[in-house]
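Remarks on the structure that follows.
Only the coordinates and a few stated rules stand behind these numbers; no lab work does. Treat the numbers as computed from the prediction; the structure is a model and nothing was measured. Every residue, glycine as well, gets a Cβ built from its backbone with ideal geometry; the counts of neighbours run over all protein chains shown.
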Amino acid sequence: MTTTSLLQISPDAVTAAARRVMERCDELARVTATPRAIERVYLTHEHATANRMAAGWMREVGMSSRQDAAGNQLGRLETTSGPDEPALLLGSHLDTVRNAGRFDGITGVLSAIEVVRLLRAPGGPGGPGSDPFGHEAWHSPLPFALEVVAFWDEEGTRFGKALLGSSAVAGEWNEDWWNLTDSGGTSLRVAAIEFGLDPSRIGEAARRPEELVGYLEAHIEQGPELHRRGEALAVVSSIASARRFQVTVEGEARHAGGTPYDLRRDALLGASEAALAVERICRAEHHIIGTVGQFEAFPGGVNIIPGETRFSIDLRGEFDGERDRVWGELSRELDAIMGRRGLRWRHREIHNAAAVGCAPLLQDVLREGIAGTSGDSVAAGGDEPSVLFSPAGHDAMTLASITDVGMLFLRNPDGVSHHPEEAVSVGDVGRGIRALAESVLQLAADRRAA
Ligand code: GLV
Ligand code: MN
Ligand code: MN
């Protein structure tokens, strides 16, 4: 493992970059639909505001910026060798779950902007001509263009379907998605038009493989592994295979007092047994994680036996086959539970993503990027940085169908994420920015040498 640092930049510049990321995470946290909580979802006023802020930050470091046909915000910095060179994409997402933390996705977008700033800094790798920002004199040290991409909607918070923006970029938009509706009954099509997008032009967001060098995403880990190991950064080996379902259980709504137990067909109790079965079966499988995150009973009266219950199932695993086998086992178990209770059940699959491996070349480049920070002993965590599988989903998994992808994980204290107490330290953000910048330079050096 080489530990040469390619980025000749002062530790103070990296610290300033990390502080800027933290301040901007706070600024974005104030762009929310819910007072005293963070909620920023697709095709809303908050989406437009966050994109405007991101565009300003991209332009500040000398990138051009545009919103694409799916509402993703992109910044681009040409290489010195010409305007149409393939680009290395750096990014993550700006949308959030409900009652979110302030770092999931956001850190990756803002860190990517800081990477561009560091690469352009005076005395940085652009050589003597380096000059912030946007000055003609800057000589790109890179044999490729650099783009920063802020994706929407990674989480699927508003329409249930995750990874919408990155699917559009991957050219995998499904026309049926336009009919998805949010909880207020607004369709994705109507929301897009109201936001100012033209659904008939969604194909224009798609990128061709030959336009791209690869995609690198920095993200908080969203689990406790790095925290437990006392390490700041890790290379990601692969991203989870996932399936999500909306399940409806039908029974009979009747009087809570007058209906004896042998006449009850209580949809809530059937659904509750099903939720426990998700935990029991997934726990027994070790490699599959199952979650019931939404659960609603109807008609919802204190004195009415629930006649219908709807709930979600989220299944994740390292391998598609195991995940599908567990779904098969769960379906048989739900048949048995509902059969015993005189209930009917049906399901709709709302998300299906195959497991995705990160490109070996980009894993190597990120490993060297982390090693390049090894003046800082915490960063490397010994001779070799940890390599982790990601049970969380990421935009990288969609991009993998059109280009090589690589991911860098940042330590996330206690692994708390999708929660207001989600955290990352300013020191680790600095290590992440530095490792990402080193990785970009390493990739540039590899390509020049090839
Ligand atoms: C995204 O955060 C997911 O893994 O659900
Ligand atoms: Mn998330
Ligand atoms: Mn995320």
Rounded to whole Å, give me the distance from the Cα center of the range 279-351 to that of the range 1-71.
37
Considering Cα pairs under 8 angstrom that are at least six residues apart, work out the relative contact order of the chain and quote it in whole percent.
23
How high is the relative contact order of the range 167-316, in percent, with contacts defined as C-alpha pairs under 8 Å that are six or more residues apart?
22
Along the charge dipole of the range 174-250, which of LEU216, ASN174, ALA206 sits closest to the positive end, that is, farthest toward it, with unit charges on the beta carbon of Lys, Arg, Asp and Glu (+1, +1, -1, -1)?
LEU216
Förster radius 25 Å - calculated FRET efficiency between ALA33 and ALA354, Cβ distance, rounded to 0.05
0.20
I'd like to know which of SER140, GLY415, THR15 lies farthest towards the positive end of the charge dipole of the chain, counting +1 on Cβ of Lys and Arg and -1 on Cβ of Asp and Glu.
GLY415
From Cα pairs below 8 angstrom and at least 6 apart in sequence, can you work out the relative contact order of the range 241-353, rounded to a whole percent?
45
Calculate the radius of gyration of the Cα atoms of the range 1-104 to one decimal place, then report Dmax, the largest Cα-Cα distance, as a whole number, both in Å.
16.3, 49
Rounded to the nearest 500 deg cm²/dmol, what is the calculated helix-only ellipticity per residue at 222 nm for the chain, with -39500 (n - 2.57) per DSSP H run of length n ≥ 4?
-11000 deg cm²/dmol
Enumerate the amide H contacts of GLN294 below 5 Å, restricted to partners 5 or more residues apart or on another chain; note that Pro and chain-start residues carry no placed amide H.
SER312
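May I ask for the Rg/Rh ratio of the chain, computed from Cα atoms with Rh as the Kirkwood radius, given to two decimals? Mind dumping the intermediate values first?
Values: Rg = 23.5 Å, Rh = 23.0 Å.
Computed over Cα atoms, the ratio is 1.02.
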Separation of the ASP198 and SER425 label points, Cα + 7 Å toward Cβ, nm
5.1
Amide H contacts of PHE319 (H built 1.01 Å from N, under 5 Å, at least 5 apart or other chain):
SER241
At 10 °C and 1.306 mPa s, what whole-number value in µm²/s does Stokes-Einstein give for the translational diffusion of the range 241-353, with Rh from the Kirkwood sum over Cα pairs?
110
Virtual spin-label span in nm between GLN246 and ARG448, 7 Å along Cα→Cβ:
5.3
Computed over the chain: longest principal axis from alpha-carbon atoms vs helix 45-60 long axis, angle to nearest 10 degrees, is 10
Space enclosed by the convex hull of the alpha-carbon atoms of the range 209-259, per residue, Å³
223
Can you give me the Cα centroid spacing of the range 360-375 and the range 417-450 in angstrom?
9
May I ask you to compute the full-extension gain from VAL302 to SER10, defined as 0.36 nm times their residue separation minus their alpha-carbon distance, rounded to one decimal in nm?
98.7 nm
Kindly write out, for the range 160-171 in residue order, the coupling ³J(HN,Hα) from the Karplus curve 6.51 cos²θ - 1.76 cosθ + 1.60 (θ = phi - 60°), rounded to whole Hz, with x marking Gly and Pro.
x, 8, 7, 6, 5, x, 6, 5, 5, 5, 7, x
Cβ-placed point charges (K, R +1; D, E -1), dipole of the chain about Cα centre in debye, nearest 20
800
Using the crude model of +1 on Lys and Arg Cβ and -1 on Asp and Glu Cβ, and no other charge, please compute the dipole size for the range 241-353 relative to its Cα centre, in debye to 20.
200
Could you work out how far helix 11-29 tilts from the main Cα principal axis of the chain, as a 0 to 90 degree angle to the nearest 10?
30
What shape does the range 349-450 have by the C-alpha gyration tensor, where a ≥ b ≥ c are the square roots of the eigenvalues, rounded means a/c under 1.5, and otherwise prolate means a/b greater than b/c and oblate the rest?
oblate
Tilt relative to the chain, helix 106-120 - C-alpha long axis, 0 to 90 degrees, to 10:
10
